[in-house]
């Protein structure tokens, strides 16, 4: 693996999953792979799980890590060509990416969708620019359109908990007080389909995801119908893609309840965290044995460590 | 030692002190004890000494460390049960503590008293919630009611400098422009009494500490009387416990001066730092050979390293 | 080397340069020199290159590092003697420097010029106070009047790229929308002259640098005349020293263009970054083979690592 921006950088998903399960069994198996190598974690947006799980994954590989919080330091990057840089942007991505890439062996970046301009967010300007100007492998720690490390952790969690070879997986929209990006939902859809599972997506009208994410999944507007016989129920809020960045509904009837979980095939509940209790899902579900939210979050170390292991091995070739 | 929230987690104080003095002599004695282990330092409030001494202690033990500054990232935690989380708090302590505890082997937390609601501060909601929901050992890096790592460092400093087996130790309130927590004073009282030293507390009326901290100490409202024959003078400001969080006095007559130190038994001066010069204590005292403030601060590495050593050893059992 | 505050701490510049070139060839040559040692990086101002290159240099030497961002935590230090500290400054440099120096083996500090009071900036209060009160070696990561790690990296870059033994080096002022310190220009002048190269400085009237920096360099007010036959063109903005901290000109005619570079002896272009494209220098120059800005930034790891190597070796004597 050269870089990890999306599922498209994964040439062999079953092999990657096998790696992940092996690493989970023995987290220190590749404890010297990162020796004399270093990684920079760049956060243009806040982070808890991603920040901590990435550092833990690096510890397990003996990889030195520097963390750069860009937001708090007001680092304003220029991305345009030929611009006269006489306003508030002090540095061009060309220099920033080249310099950071000259210091570190791997660069991981978080840059959320701004939810203002769909074309801008979906052009993946930050990730694509780093890929273009940074001479070393890039890892996506959540971008405008995707969160592949989360989706990979979700997939590991399903692999560990599935009772049938091809489980029914339901992604359900749920209400939230604020507009959120589509990144987690987009990546989840892509990875679940890449793994050849049976995916159903359910949401109110107006919340249709981008076609490339939906793929061949079944879209059902009635949540209860969608949940029927589900093996895994993945709840997530996202703002509208068509009416970009808007909150079209806060309808509490879309919250996942124990009653709704009873419609499933003893289904497991999933969410990427942080989760708003009694808004996205009720306490009874989260606090039950059906909930996989902690194992999912735990697997964030495994997904990052597996990606790093593959990138570091590719470097040594 | 499983966790370190207060003196109550110390089963054998003389043995812990012996460990500390041994570690001080040879800081790299347990240089491999933390290998393949990791710690998360969570700061809900700013920190200088605690942040740096904790990292240094971890370096000395070969323990990998990740630092999470929560305040600057606006991470708002919900602690209540059954709450509909539709306002500004994005994550519940149940998930946050469980996830961080799944990544790291030890979690250390700083969460100051807010000085608004005594019941809330003295319920130790943050520490107790982490203890409840986090599956790994917790270390208190200053909480609403205590600062045991400071008190332990203070005790080490007294051990190193005492001229008699049972020295007279005086804790004196001193003025400060802002309301401060009682945490340092509370813990100092508990640890000094646990070590069986002779403790006198002196402060203006209205500054009485919580009964559990005062214990069997002598309380004297006349500072000069209290200082008579003291071997150690520990100055500290705190806001009122009875009139909770209020500054009742800024009386400069309570400042520790060289003249007052002359009343002591060639007493040593102590303070946890940062110290307001010529407000808490005058320059002449701080800049004299009587002052132990730098050795105290230096011992913050030793207290943290000793606690970590005991926690890591308990883990291997 | 005991500390590294300026070129005056370098007793043998050719030997230091030789060290740097050796380290560049083999970055892991001294991989164990920093074992069981630790460094604290203190940032009173934001940083990207310095922060990351310092951490990378430490990784290469096996040196543990803690980072302290002071600005974001509002740490206000008192520097005055005999002050009654009853306002917003919570800690005196005497304690702060002594404590940090008791935790770490090396302390590196960034503290920009404030550009308000020339005497204050040029007294180097922060660096000099740390040097006075901190018991361990100090490294200047950019101070009120100098940025020697940058100048050393620049010198390494010139050594690597020079075609003649004594190249003509031109430092040219260039426009910028905001007032900037003179630190980079000052140190560049000192190091270039210490290396015995031929230095010409060019800038509009009113932008004369402090005499100690200008030294025996040629000052030319006509930029085109200055560039004639240059082997290296170093562009940098600075605010006025005589009319302290003021922006006297934003004249775009001082921008470095390809046309101006054609006046040189196939000269190389240099800048310390971040650089405002099409304000300081036009795209055509930055994107050409003449530009050394990325190699310069890359050499920031080498300059820091060489300084650390010398400081660590001195410690073992």
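Here, each number is a calculation from the coordinates, and none is a lab measurement. Note that the coordinates shown come from a computational prediction; the quantities given were computed from them, not determined experimentally. Neighbour counts are summed over all protein chains in view; Cβ atoms, including those assigned to glycine, are modelled from backbone coordinates with ideal geometry.
Points 7 angstrom from Cα along the Cβ direction at residue C:86 and residue C:228: gap in nanometres?
Inter-label distance under the simple model: 6.7 nm.
Sort shortest first the distances from residue A:178 to its counterpart in every other copy, using label points 7 Å along the Cα-to-beta-carbon line, and give them in nm.
Nearest first, the other copies' label points are 2.6, 2.6 nm away.
What percent of all Cα-Cα pairs in chain C falls into each 10 Å bin, going from 0 up to the bin containing the maximum distance?
6, 27, 34, 23, 9, 1, 0
Please arrange B:84, C:42, C:7 by counting, for each residue, the other beta carbons lying within 10 Å of its beta carbon, fewest first.
In order of increasing Cβ crowding within 10 Å: B:84, C:7, C:42.
By count of other Cβ within 10 Å, fewest leading, how are A:188, A:269 ordered? Each step should come with its number before you reach the end.
Values: A:188 27, A:269 24.
With the fewest neighbours first, A:188, A:269 line up as A:269, A:188.
I want to verify a result. In a Gaussian network model of chain B, Cα cutoff 10 Å, which of these has the top mean-square fluctuation: B:194, B:226, B:235?
Sorting by GNM fluctuation, first place goes to B:194.
Please check: in the Gaussian network model of chain B (C-alpha springs, under 10 Å), which one of B:81, B:211, B:231 has the largest mean-square fluctuation.
B:81
Would you mind giving the mean number of other chain beta-carbons within 10 Å of the Cβ of each residue in A:52-59, as a whole number?
Mean partner shielding for this stretch: 6.
Can you give the calculated 222 nm mean residue ellipticity of chain A, where each DSSP H run of n ≥ 4 adds -39,500 (n - 2.57) and the sum is split over every residue, rounded to the nearest 500 deg cm²/dmol?
Working: 12 runs with 118 residues, N = 317.
Mean residue ellipticity at 222 nm (helix-derived): -11000 deg cm²/dmol.
Averaged over every viewing direction, what's the projected area of the C-alpha convex hull for segment C:149-296? Give it in nm², one decimal, please. Don't jump to the answer; show the numbers that get you there.
Working: hull surface 30.0 nm².
Value for segment C:149-296: 7.5 nm².
With N residues in segment A:1-68, what two-decimal value do you get for its Cα radius of gyration over 2.2 N^0.38 Å? Intermediate values should be presented prior to the final figure.
Numbers: Rg = 13.1 Å, N = 68, 2.2 N^0.38 = 10.9 Å.
Here the answer is 1.20, to two decimals.
Would you mind classifying segment A:256-296 by shape? Square roots of the alpha carbon gyration tensor eigenvalues, ordered a ≥ b ≥ c; an a/c under 1.5 is rounded, otherwise it is prolate if a/b is larger than b/c and oblate if not.
Judged from the Cα gyration tensor, segment A:256-296 comes out oblate (a/c at least 1.5, b/c at or above a/b).
Could you tell me the calculated FRET efficiency between residue C:160 and residue B:316, based on Cβ-Cβ distance and R0 = 45 angstrom, to the nearest 0.05?
0.35
Sorted from fewest to most neighbouring beta carbons within 10 Å, what does the list C:275, B:279 look like?
Lowest to highest Cβ neighbour count: B:279, C:275.
Measure out, as a whole number of angstrom, how far apart the alpha-carbon centroids of segment A:123-199 and segment C:36-94 sit.
Using only Cα atoms to place each centre, the spacing works out to 38 Å.
Can you list, shortest first and in nm, the gaps between the label point of residue C:83 and those of its counterparts in the other copies, using a point 7 Å from Cα in the C-beta direction?
In ascending order, 3.9, 3.9 nm.
For a quick check, take a GNM of chain C with Cα springs below 10 Å and name the residue from C:102, C:87, C:187 with the largest mean-square fluctuation.
C:87
What does DSSP give for the protein assembly as shown in terms of the percent of beta bridges that are antiparallel, rounded to the nearest 5?
Bridges in the protein assembly as shown that DSSP calls antiparallel: roughly 0 percent.
So, in nm, how far is label residue C:265 from label residue B:24 when the simple model puts each one 7 Å beyond its Cα toward the Cβ?
Once both label points are built, they end up 6.4 nm from each other.
In nm, one decimal, shortest first: how far is the label point of residue B:257 (7 Å from Cα along Cα to beta carbon) from the matching points in the other copies?
7.2, 7.2
Spin-label point model (7 Å from Cα, Cβ direction): what's the residue A:251 to residue A:116 distance in nm?
3.1
Past the 47 angstrom mark, what percentage of all C-alpha to C-alpha distances in the protein assembly as shown do you count?
33
Could you work out the mean count of beta carbons from other protein chains within 10 Å of each residue's beta carbon in B:96-106?
Mean partner shielding for this stretch: 5.
Would you please give the FRET efficiency between residue A:243 and residue B:36, computed as 1/(1 + (r/R0)^6) with r the Cβ-Cβ distance and R0 = 35 Å, to the nearest 0.05?
0.10
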